[in-house]
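The values are calculated or read from the model by the stated rules, or taken from the named source; none is laboratory data. Just so it is clear, the model here is predicted, and its values are computed rather than measured. Using ideal geometry, Cβ is built from the backbone for each residue, glycine included, and neighbour counts are taken over all protein chains shown. With ligands, DNA and RNA removed, areas are computed over all heavy atoms of the protein, side chains included. Shrake-Rupley method; radii C 1.70, N 1.55, O 1.52, S 1.80 Å.
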Amino acid sequence: MRLLRVSDERVAERARRGEVPGLLHLGVGEEAVAVGACAALRPEDKITSTHRAHGHFLAKGGSPKVLMAELYGKEAGCCRGKGGSMHLVDMNIGFLGANGVVGAGLPIAVGAALGARIKGEDWVVVCFFGDGANNEGAFHESLNLAAVWNLPVVFLCENNQYGISQSILSQQKVANVADRAVSYDLPSQIIDGNDVLAVFGTISKAIDAARQGKGPTLVECMTYRISGHYEGDSDAYRDLGEVAAWLQNDPIQRFQDFLLNQGVLLPEEVESLFRNVDTTVDEAVAFATGAPYPTPDKAEKHVYAPGKRGTS
Ligand SMILES: Cc1ncc(C[n+]2csc(CCOP(=O)(O)OP(=O)(O)O)c2C)c(N)n1
């Protein structure tokens with residue numbers, strides 16, 4: 001969680017210096033969802049992500065250097081610098097894609113889960129999506145089809161309370177995304193998304209069920225994005241008291257306090273762990289800044305399907 005936090009904070013700092021191009025959506029404050037869920041996965045399991053994807057990528061085992069290089073638009077990035085923040089993909093780690101189109105990961109997750117079924121393999125898919133996606137047709141169609149076909153997919157809503165500047169209740173009468181599950185006869189749960197152990201425990205059970213052929217689950221993780229919707233957002237729509245209250249509910253601080261109180265970690269071990277994270281992020285930034293950009297002659301390479309324009 002600390003790696004996700006420091007990496008995103010560094011990306012923001014470097015973006016303000018003009019080093020990182022494009023629109024950036026940070027996951028600061030939501031780390032427990034990504035880490036708790038991905039810690040429950042096997043390497044061969046897959047995830048689909050959203051436009052707020054950096055944390056999902058790292059939590060699924062993505063390389064901090066490769067992520068940073070992609071954000072910098074460098075050839076050493078996971079999409080050779082051509083995808084950027086909202087279009088990260090890394091098939092080597094089962095990361096089936098970030099997506100700039102809200103809700104687009106849902107049908108991809110269902111398709112992948114169908115792929116597992118057809119191939120007779122026992123990997124599962126965790127589909128991350130935001131509360132902003134739950135009024136889209138793709139959401140309802142995906143849950144319906146996954147339920148009807150009993151597919152090995154876990155629908156994981158990161159309910160960070162807002163879709164850009166709109167609170168969830170300004171967009172829908174149903175207060176909880178999990179309530180949608182009734183329509184598709186799916187089991188569902190609402191959990192504290194800032195409690196990494198709660199996320200790990202709940203998603204582990206949902207994954208086990210999916211792997212055993214018991215079908216999909218919808219889990220709604222209640223969390224909050226501490227930063228604005230995108231890097232540079234004036235963030236004028238949120239009450240300062242609300243933000244302050246959520247700052248007291250920081251998932252990293254909470255887990256750190258828990259580990260110290262339980263005697264699992266000593267304060268000096270926390271410090272050493274944090275120093276290691278700082279070094280990892282320093283090295284990722286140095287790698288990204290020193291790496292070459294893709295050359296113009298490769299502009300179309302890996303962009304079009306084989307047999308179409310350009311080369312595969
Ligand atoms: C299909 C589609 N509609 C609208 C947008 C514009 N848009 C970008 S982010 C966003 C809000 C998404 O909210 P949510 O899914 O809750 O994710 P969060 O940003 O809160 O992580 C919207 C409406 C888009 N990118 N794609």
If we scan region 42-64, do we find a residue that is away from the ligand (no atom under 16 Å from the Cβ), over 23 Å from Gly130 (Cβ atoms), modelled with pLDDT of 95 or more and open to solvent by less than 40 Å² (accessible area, probe 1.4 Å)?
yes
Can you tell me how many residues in region 134-158 are farther than 18 Å from Lys60 by Cβ and either more than 10 Å from the ligand (Cβ to nearest atom) or surrounded by fewer than 24 Cβ atoms within 10 Å (Cβ to Cβ) (or both)?
17
For region 182-199, check the following and say yes or no: at least one residue is closer than 22 Å to Ala112 by Cα and touching a residue at least 40 places away in the same chain (Cβ under 8 Å).
yes
Residue in region 175-190 that is out of contact with any helix residue (DSSP H, G or I) (no Cβ under 6 Å at 6 or more places or on another chain), modelled with pLDDT under 95 and not in a strand (DSSP E or B) present
yes
Name the single residue that is surrounded by the fewest Cβ atoms within 10 Å (Cβ to Cβ) among those in region 159-174 being within 14 Å of the ligand (Cβ to nearest atom) and assigned to a loop (DSSP other than H, G, I, E, B).
Ile164
Can you pull out the residues in region 203-215 that are in contact (Cβ under 8 Å) with a residue 60 or more places away in the chain and part of a helix (DSSP H, G or I)?
Ile203, Ser204, Ile207, Ala210, Arg211
Filtering region 28-83 down to residues that are of a type in the set (Val, Ile, Thr), within 9 Å of the chain's Cα centre (by Cα) and assigned to a loop (DSSP other than H, G, I, E, B) yields Thr50
Are there any pairs, at least 6 apart or on different chains, whose C-beta atoms fall under 9 Å, with the first in region 3-31 and of a type in the set (Ser, Thr, Tyr) and the second within 13 Å of the ligand (Cβ to nearest atom), and if so, which?
Ser7/His54; Ser7/Gly55
So, of the residues in region 111-133 that are open to solvent by 10 Å² or more (accessible area, probe 1.4 Å) and part of a helix (DSSP H, G or I), which turns out to be nearest to the ligand (Cβ to nearest atom)?
Gly132
Of Ile190, Ile207, Ile226, Ile203, which residue is touching an Asp or Glu at 6+ places or on another chain (Cβ under 9 Å) and away from the ligand (no atom under 16 Å from the Cβ)?
Ile207
